[in-house]
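For reference, the structure is listed below as structure tokens.
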Amino acid sequence: MPLLAGQPEWLVKEMNFLQFIRDVGKHITVNYMMSKDSVRKRIESEAGISFTEFTYQLIQGYDFYWLYQNKNCKLQMGGSDQWGNILTGTELIRRKAGGEAFAFTCPLLTKSDGGKFGKTESGNVWLDPEKTSPYHFLQFWLNATDADAEKWIKIFTFLPQDEIGNLVKEHHTDQSKRILQKRLARELTIFVHGIDEYLKAVETTEKLFTQKNTSAESLSEEDLKAMEGIVHINYPKEKLESGIDAVSFLAETTIFPSKGEARKMIQNGGVSINRHKVETVDEVINNQKLLHQKYLLVQKGKKNYYLVNAE
């Protein structure tokens, strides 16, 4: 659907705003648009609804009409929150083309905290390895709550029902083993990224977490360079010659967006360099800390790792 990839093809090539309101807006009344539950609830809410949000159903509706006319598309599928927008498309098709089209929606996939999966949500995963690496993809499913893992393994995998039932029972006997999360992560990472990328992601996970009690100095240069999925950052080595305070270093490497956030995380004990916790905000980072005279392994929080390459 062109709308999801950015600006619709028809808007870029064929129509300007005045044409749109003349050729499309006249077919759909304000009363029709306000009858949609999603619109009515927003209008009645304290926050209200912006013009952009209000008119979005016209844009999505016309996009369906354009696909119907140019691509012979007669069915649009989406989440249940898109029901009203898709119906506007079927109405435009009926009024402008005298045609018939259909809407098919399903309940939104949600997390245990009530959040939904979607490209506008934070902390979600993509199927594109350029946007979510196999390592981060694996970590997303490994970090699922028990409730989410039990629900998602039934939705996202092709495991037989009886096998899922046995996994659930085994998981509940000792939830600390995270049996469901591990199997869910394995099935999905292999399905999306392939067995080789899954094994690389597992290897990186083991080096970062399973072996976390061992010193970073014990990791070979090959180990560090082979860690797939962690964020790699280049940093001028000359800045470390005379030393730099930890807060400035973390901000300059963009590991934190600001010195204030870096300082706060250090004070809360959430930053480690080479598996040693940064104890004070004025701790000096210099060449003596470099692994193999080149690398710094930085951990932010529990799950975020960065390999700083000082050259």
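At a glance:
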item: Per-pair calculated FRET efficiency, R0 = 45 Å: ASN274 and LYS74 via Cβ, rounded to 0.05; result: 0.15
item: Gaussian network model of the chain, Cα within-10 Å springs - most flexible of LYS239, LYS151, LYS200; result: LYS239
item: Proxy reagent accessibility, fewest Cβ within 10 Å first, across THR132, THR254; result: THR254, THR132
item: Candidates VAL231, VAL39, VAL192: whichever shows maximal mean-square fluctuation once the chain is modelled as a Gaussian network with Cα springs under 10 Å; result: VAL39
item: Tilt relative to the chain, helix 83-97 - C-alpha long axis, 0 to 90 degrees, to 10; result: 40
item: Calculated FRET value between LYS96 and ILE43, using beta carbons and R₀ = 22 Å, to 0.05; result: 0.25
item: Dipole magnitude of the chain about its Cα centre (Cβ charges: Lys, Arg +1; Asp, Glu -1), debye to nearest 20; result: 760
item: Selection from VAL231, GLY269, GLY243 lying farthest towards where the dipole of the range 180-311 points positive, charges on Cβ; result: GLY269
item: Helical mean residue ellipticity (222 nm; -39500 (n - 2.57) per DSSP H run of 4+; nearest 500) of the chain; result: -13500 deg cm²/dmol
item: Two-site FRET efficiency, GLU53 against GLU241, from Cβ-Cβ distance with R₀ of 41 Å, rounded to 0.05; result: 0.15
item: Positive-end residue of ILE190, LEU108, THR254, charge dipole of the chain with Cβ unit charges; result: LEU108
item: Label assignment, mean projected area of the Cα convex hull in nm² derived from the structure, set (i) 24.0; (ii) 22.0; (iii) 20.4; result: (ii)
item: Fraction of beta bridges assigned by DSSP in the chain that are antiparallel (%, nearest 5); result: 60
item: Stretch gain in nm, segment PHE104-ALA226, where the contour uses 0.36 nm per residue and the Cα spacing is subtracted; result: 39.5 nm
item: Candidates LYS182, LYS74, LYS111: whichever shows maximal mean-square fluctuation once the chain is modelled as a Gaussian network with Cα springs under 10 Å; result: LYS74
item: Cα→Cβ-extended label distance, 7 Å offset, between GLN288 and LYS264, nm; result: 3.2
item: Nitroxide proxy distance, nm - points 7 Å out along Cα→Cβ at GLU203 and SER248; result: 3.9
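FYI, it's all coordinate maths here, none of it is from the lab. Bear in mind the structure is a predicted one, so any value in this text is a computation, not a measurement. Don't worry about glycine lacking a Cβ; one is built from the backbone with ideal geometry, like all the others, and counts go over all protein chains shown.
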